[in-house]
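Read the structure below first, then the notes.
The values are calculated or read from the model by the stated rules, or taken from the named source; none is laboratory data. The shown structure was predicted, so the numbers you read here are calculated from the model rather than taken from an experiment. Quick reminder, even Gly has a Cβ in these numbers, built from the backbone with ideal geometry, and neighbours come from all protein chains shown.
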Amino acid sequence: MKKIRRKLKRPVALGEILQDVLKASKIDINLEMVKLCDLWDNTVGPVIARNAQPGAIKGGLLVVHVSGASWMHHLQFEKEELIQKLNDALGKAAISDMRFKIGRL
């Protein structure tokens, strides 16, 4: 049986279509996290990127996995600047706070 498709009045961005498909399929993908992982290295710089990686983002809280206690301590002092840089790169205020956790990178 042939399905009838409705004509759209405007072109639709692929990202918009994918969001609708993912919502309909009940797949839980955090698109903010995908964007964040994509721009992380260039935004924070190579030295930080080697020692810290984003782990999760929920409700504006970004959990960052770090390579050790010294990096956890160091990044506490850089936190506000990192939040600003990441929000600028994302194009919106998606991150309001960061927590650092020693873990696998």
Subject >> strands (runs of 3 or more DSSP E) enclosed by region 23-105 - at least 1 residues per element that are surrounded by 11 or more Cβ atoms within 10 Å (Cβ to Cβ) and at pLDDT below 95 >> reply: 52-58
**OP:** Those residues that are over 19 Å from K101 (Cβ atoms) and among the small types (G, A, S), I need them from region 36-90; list them, please.
**Re:** G45, A89
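Does region 64-84 contain at least one residue that is of a type in the set (G, A, S) and within 17 Å of the chain's Cα centre (by Cα)? Write out each step before concluding.
Restricting attention to region 64-84, the residues satisfying the condition of being of a type in the set (G, A, S) are 67-70.
This time we only want the ones that are within 17 Å of the chain's Cα centre (by Cα), so: none.
No: region 64-84 contains no residue that is of a type in the set (G, A, S) and within 17 Å of the chain's Cα centre (by Cα).
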